[in-house]
Amino acid sequence: MLPWWGWLLLWTVIVVGGGAWIGVLSRRTWRSARALTAEVARAGELLAALEERTDALRDTVPDRTAVTQQPRRVREEYRAVRAATTADRRARRAAGRPPWARVD
């Protein structure tokens, strides 16, 4: 059996240890809350920037889709883009050939 001062020492260690443990947990919680607050602020700024971008894009007039245009115009545009793409590809291939293999 412990003397009276032993019990007092035991209870003091238990109370001080519990207080220290609660202090450690509260410090972790405080640091986590600060990090969470910083992250929420950063997310809010990002969301505001995205909303501004969305508002700016909403004001522009969207291009007409191929379904709402005349077929002849769409076909001509397709053929022009296709010809330009083919010419670009041929120019890139010709530039990549060695000088002795180029046919100009």
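Where a number appears in this text, it was derived from the coordinates with a stated rule and is not lab data. Bear in mind the structure is a predicted one, so any value in this text is a computation, not a measurement. Cβ atoms come from the backbone with ideal geometry, glycine included; neighbour counts cover every protein chain shown.
Take the conditions among the hydrophobic types (A, V, I, L, M, F, W, C), loosely packed, with under 10 Cβ neighbours inside 10 Å and either in contact with a Gly (Cβ under 7 Å, 6 or more places away or on another chain) or outside any loop (DSSP other than H, G, I, E, B) (or both) and apply them to residue 56. Does it pass? So residue 56 fits the description; yes. Could you check how many residues of the range 65-104 are outside any helix (DSSP H, G or I) and exposed (fewer than 10 other Cβ atoms within 10 Å of the Cβ)? Residues in the range 65-104 being outside any helix (DSSP H, G or I) and exposed (fewer than 10 other Cβ atoms within 10 Å of the Cβ): 5 in total. Here is a list: 42, 102, 34. Which entry is of a type in the set (Lys, Arg) and more than 27 Å from the chain's Cα centre (by Cα)? After ruling out the rest, the residue left standing is 102.
Cβ separations smaller than 7 Å between residues 6+ apart or across chains give the following pairs from the range 88-102 residues that are on the phi < 0 side of the Ramachandran plot to residues that are small (Gly, Ala, Ser): 102/94.
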